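Rule-based calculations on the coordinates, nothing more; no lab input. Just so you know, these numbers come straight off a predicted model, no measurement behind them. So basically every Cβ, Gly included, is an ideal-geometry build from the backbone, and we count neighbours across all protein chains shown.
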Amino acid sequence: MTTLDAVVVGSGPNGLAAAITMAAAGRSVHVVEGADRVGGGLRTDELAPGVHRDHCATVFPFAVGSPYLAALPLADHGVEWLTPDISFAHPLDGGRAAVAYRSIDATVDGLGVDAKRYRSLIGPLASRWDDLAVDVLGPVVHLPDHPLLLARFGVRGMRSSAHLRKRFSTDEAQALVAGCAGHSVLPLQSPGTAAVATLFLASAHARGWPLVRGGAGVLASGLESLLVSLGATVETGRRINTLADLPPAKVVVFDTDPGQVSAIAGTELSRGYRRMLGRFQQGPGVYKVDFLLDGAVPWANAAVAEAVTVHVGGSFDECAAAEATVAAGNHADQPFVLVAQPGVLDATRAPTGHHLVWAYCHVPSASTLDMSAAIERQIERFAPGFGDLVVERWVTTTHGFEGLNPNLVGGDITGGANHLRQLVARPRARRPYATSSDRFFLCSASTPPGGGVHGMCGHHAALAALRGPLA
Ligand SMILES: Cc1cc2nc3c(=O)[nH]c(=O)nc-3n(C[C@H](O)[C@H](O)[C@H](O)COP(=O)(O)OP(=O)(O)OC[C@H]3O[C@@H](n4cnc5c(N)ncnc54)[C@H](O)[C@@H]3O)c2cc1C
């Protein structure tokens, strides 16, 4: 058997990006995936005839905003981005809503006295997105390409979103901050959540928050097709448990959680490195419901009905209370709920007249509590009559997620807790993609820049391998 240059274990967006980077550099690459198809978090299932649901990711601000993925010729491989005019909306009581349009002008029109402050905070980051993304979506410890811009972003970002919110006095501007900070899966009082909020806000106006026509699985197939066109091979349905399961290769790149790297590579890794991986902390889990509806969601606010992404949780204080409850290991009665309604732009998701909508909330790691009623109550609060339209529900619990994909430990969808220490040391500050062995690399969302579909973890890990043993 010939020795490959690289085997990639796992074919999430990071595994595929790592494989494409190495194959494009002329190396022989084989990808081994435990599931029945490639993609990891990029997975679209047909739940019933004509009902196509994204099991995980649906909205891709950081894919189109990624210095690597966005530069790939994915249109040649069947990927069509659909970008809404409204990046996201956040309904408030009384039929009001905060709306982040792709256009910053349209957005500030709805922010009253906060218009100027919002524009001065977010405008420069959005207009220099390409420069910002190169530094922020890279390894944490590196010489920045744009030090002044990064310093401006970083100094404010180190603070909490609760601190950032104080710059604004309207419910609307504060809600925009809360919804974006909520993606961190941290209490909104945590240091570093201001960076998450400002990055998500800037992305809303830079490249927008698009879907892929046909679902996330089309993006996975497009990446696989590009990879195969570069000469690489892909094998599905083969879960790796030990190194003996792998074909001979100069390097192994793991698109897995750190615990699996330890378990699979075992004593080939130093004891100190394994101990460090053992200290890596997972974040809370998620509880998700896919709803098939007999019509569109009857949002009280008309702009919310046009948004693909909706942040549901009410005021900044209510969202903050919900996330603090989860961080304390409890379930929120009024959770912060993320809603995606892809049918607003993409008619392929459900039969004519129907809409497929997903909604998830954060829950403690490995939670088994049924959160369906709490999620529905929150949506109903801003969309009276929602419950009457539900034709069918499909639930995925924390255990359901982990059963689908072992990286989603305890239902954690971010590849590990996002607290400040692990934003910097993911899983370690220096050489995060390398391990204690020259042969093994880590490329999953448990490395910088963390969760989300951007492929940057995979791309940087592959570059580390290409500079090292594959040079
Ligand atoms: C419900 C939900 C909603 C989300 N929404 C969004 C969104 O809208 N936008 C966004 O940008 N991000 C979203 N995300 C996050 C995003 O999906 C992840 O951050 C991203 O997929 C991480 O990519 P990855 O390559 O690191 O790992 P994953 O996508 O988790 O892929 C890892 C792959 O490795 C395989 N694997 C693991 N262990 C082994 C093994 N031992 N042997 C063989 N194969 C193995 C798994 O089967 C899996 O296919 C969401 C996630 C979830 C769960």
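What the table shows:
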{"read-out": "Length-normalised contact order for the chain - Cα pairs under 8 Å, 6+ apart - percent", "value": "25"}
{"read-out": "The range 432-467-the range 243-274 distance, computed between alpha-carbon centres (Å)", "value": "13"}
{"read-out": "0 to 90° range, to nearest 10: angle between helix 171-181 axis and the chain longest Cα axis", "value": "20"}
{"read-out": "Segments 267-274, 171-178, 287-294 sorted - mean Cβ within 10 Å per residue, highest first", "value": "171-178, 287-294, 267-274"}
{"read-out": "Net lengthening on full extension, E46/A366 (0.36 nm per residue, minus Cα-Cα)", "value": "112.6 nm"}
{"read-out": "Percent of beta bridges antiparallel (DSSP, the chain, rounded to nearest 5)", "value": "70"}
{"read-out": "Neighbourhood net charge (12 Å Cβ-Cβ; Lys/Arg +1, Asp/Glu -1) for L137", "value": "-4"}
{"read-out": "Neighbourhood net charge (13 Å Cβ-Cβ; Lys/Arg +1, Asp/Glu -1) for A366", "value": "-2"}
{"read-out": "Centroid-to-centroid separation of the range 383-410 and the range 1-60 [C-alpha atoms, Å]", "value": "23"}
{"read-out": "Under Karplus coefficients 6.51, -1.76 and 1.60, residue-wise ³J(HN,Hα) of the range 377-392 in Hz, glycine/proline x", "value": "4, 5, 5, 4, 4, 9, 9, x, x, 3, x, 5, 8, 6, 8, 7"}
{"read-out": "Ordering of 115-127, 458-470 by burial proxy (mean other Cβ atoms within 10 Å per residue, highest first)", "value": "458-470, 115-127"}
{"read-out": "Ranked packing of 164-170, 335-341, 320-326, most packed first, by mean Cβ within 10 Å", "value": "335-341, 320-326, 164-170"}
{"read-out": "Between 0 and 90°, nearest 10: helix 13-24 axis offset from the chain longest Cα axis", "value": "50"}
{"read-out": "Cα-based radius of gyration of the chain once divided by 2.2 N^0.38 Å, which approximates compact folds", "value": "0.93"}
{"read-out": "Tilt relative to the chain, helix 115-127 - C-alpha long axis, 0 to 90 degrees, to 10", "value": "20"}
{"read-out": "Two-site label geometry, R377 and A328: point separation in nm, points 7 Å out along Cα→Cβ", "value": "1.7"}
{"read-out": "DSSP beta bridges in the range 1-136 [antiparallel fraction, %, rounded to 5]", "value": "70"}
{"read-out": "Length gained when the stretch D245-A429 is fully extended (0.36 nm per residue, less Cα-Cα span)", "value": "63.2 nm"}
